[in-house]
Amino acid sequence: MKPSFGRWLTKSATGLLLLTLLIAMGCANPRGTGDLGLVIERASGSLQVVENSNNVSLGGVTGLGDLSHAAAVFSRDGRYAFICGRDGGLSKVDLLTRQVVKRVMQSGNSIGGAISQDGRLLAVANYSPGGVRIFDSETLEMKWDIPAMGADGKLSKVVGLADVPGKSFIFSLFDAGEIWLLEVNEQKEPQIQKWRQVGAQPYDALITPDGRYYLAGLFGEDGIVLIDLWHPEQGPRRILQGYGRGNEKLPVYKMPHLRGWAMADQRIFLPSIGHHEVLVADVNSWKEVAHIPVHSQPVFAMVRPDKRQVWVNFAFPDNDTIQVIDVPTLKVVKQLRPGKGIMHMEFTPKGEEVWLSLRDENRIEVYRTDTFERVSTLPANAPSGIFFTSRAHKIGL
């Protein structure tokens, strides 16, 4: 009589080891990753792995260093998150086992990352030393170090890093006022196309969902710089003059972020610097079509996945408020006051709910986007960024 598989597992040391490994890897009860995500807990250098199907936290991960301005991107299969910390740490986290797979200290101060179209390469933008470093996403082995040396011969802080179709990355040099397009080929050295003197202090940027247009906001002067990546030979052009701080130099309590790429109905919605308004521009002409008065200085303007709504949060001291803009009418249709310190918003993959991080009240709140009803509350330690794995399949996030 042949022994059963169960008896073999019981008696075989190899079988026991295999079973232990399967359980540890989460394979004994396999699940997908499409409804997973993470919440950055900035004060404790930790994160929570969350599930947005049932609005629950699955557990925490610690030992991630300084997460005071942390960003995350995901592997192609949605299993691994790559966390770029303010201390220059780069961490690879397994969302299924909730463990740090590997962590490297790659710089003195990093500001964000991007992953290549094929998921094989990870780019990290650095403030100190200024530049971009490229890593193998499997091993976190550094492949290339690209110092951001401006035309003035000085290293510059890098901002606005985004992935570009064709295994390329694009980013802005804050101090040098330049934009670089980096084409990566693993068989030879990276090729760099540089646009110099694009404007003073590009502070953040977005790439449109189709990967065609790169827009960098300028802090040091009015306007936005646009590059058409289908026709890079045309070079950068200035659009939306007067978009920036304008003639009246109002105080800026927190820099707005452009990475939400709020594009809907052939229009783009941008938070104005230092003004209480959201700017709307036509994406065919790149001309301004409206200013929408809002509660205070906007930080994020993020579009719901179906493009019907844009949700806006605000800088201190008015960061207890959320406003919702109706895209067809360009009017604010709802105002919510969930609590103090609303740092970030993240929509579920199809947009039926939105998660909000309330840093000053140590919790996450989840709202329906159709009824604006609060449906869940989760405790969190000074939460900031919320990132769902659905980002893995989008350009520029």
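The values are calculated or read from the model by the stated rules, or taken from the named source; none is laboratory data. As the structure is a prediction and not an experimental result, all values here were calculated from the model. Cβ sites come from the backbone with ideal geometry, for glycine too, and all protein chains shown count toward neighbours.
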Out of (1) buried (at least 17 other Cβ atoms within 10 Å of the Cβ); (2) under 16 Å from I111 (Cα atoms); (3) among the acidic types (D, E), the one D66 does not meet is (1)
With (1) out of contact with any Gly (no Cβ under 6 Å at 6 or more places or on another chain); (2) of a type in the set (A, V, I, L, M, F, W, C); (3) within 21 Å of G223 (Cα to Cα) as the list, and V303 as the residue in question, which single condition is left unmet? (3)
Considering only residues that are of a type in the set (K, R) and under 27 Å from R120 (Cβ atoms), look in segment 151-184 and name the one that is modelled with the highest pLDDT. K157
Residue count, segment 207-231, condition surrounded by fewer than 21 Cβ atoms within 10 Å (Cβ to Cβ), among the small types (G, A, S) and under 19 Å from S156 (Cβ atoms), comes to 1
Just the residues that are more than 24 Å from A290 (Cα to Cα), in a loop (DSSP other than H, G, I, E, B) and more than 16 Å from the chain's Cα centre (by Cα), please, taken from segment 320-359. D320, R337, P338, G339, K340, G341, K350, G351, E352
Of the candidates F372, F387, F347, the one satisfying the condition of being closer than 21 Å to V93 by Cα, at pLDDT 95 or above and not polar (S, T, N, Q) is F387
Which pairs do you get when a residue that is over 14 Å from M105 (Cβ atoms) and in contact (Cβ under 8 Å) with a residue 60 or more places away in the chain, found in segment 118-131, comes within reach of a residue that is of a type in the set (V, I, T) and not in a strand (DSSP E or B), reach meaning Cβ atoms under 8 angstrom, with the pair 6+ apart or on two chains? L121/V184
Check on V366, in a strand (DSSP E or B), farther than 27 Å from E277 by Cβ and either in contact (Cβ under 8 Å) with a residue 24 or more places away in the chain or more than 23 Å from the chain's Cα centre (by Cα) (or both): yes
Taking the conditions exactly as written (of a type outside the set (K, R), surrounded by fewer than 17 Cβ atoms within 10 Å (Cβ to Cβ) and under 18 Å from the mean Cα position of the chain (by Cα)), does D136 satisfy them or not? no
Looking only at segment 369-397, and only at residues there that are part of a strand (DSSP E or B), of a type in the set (V, I, T) and touching a residue at least 24 places away in the same chain (Cβ under 8 Å), the one that is surrounded by the fewest Cβ atoms within 10 Å (Cβ to Cβ): V375
Given the options K167, K143, name the one that is surrounded by fewer than 24 Cβ atoms within 10 Å (Cβ to Cβ), under 19 Å from the mean Cα position of the chain (by Cα) and within 18 Å of R76 (Cβ to Cβ). K167
Going through segment 207-222 in order, the residues found to be under 23 Å from the mean Cα position of the chain (by Cα) and not in a strand (DSSP E or B) are T208, P209, D210, G211, R212, F219
Kindly indicate whether Q191 is under 19 Å from E233 (Cα atoms), of a type outside the set (K, R) and free of Cβ contacts under 8 Å to residues at least 12 places away in the same chain. yes
Answer with yes or no whether S110 is in a strand (DSSP E or B), within 17 Å of the chain's Cα centre (by Cα), of a type in the set (S, T, Y) and at pLDDT 95 or above. no
For D282, only one of the following conditions fails: (1) under 22 Å from I386 (Cα atoms); (2) without any contact (Cβ under 8 Å) to a residue 24 or more places away in the chain. What is its number? (1)
Surrounded by fewer than 14 Cβ atoms within 10 Å (Cβ to Cβ) and in contact (Cβ under 8 Å) with a residue 60 or more places away in the chain, is that true of P317? yes
So D204 fits all but one of (1) part of a strand (DSSP E or B); (2) among the acidic types (D, E); (3) surrounded by fewer than 16 Cβ atoms within 10 Å (Cβ to Cβ); what number is the exception? (3)
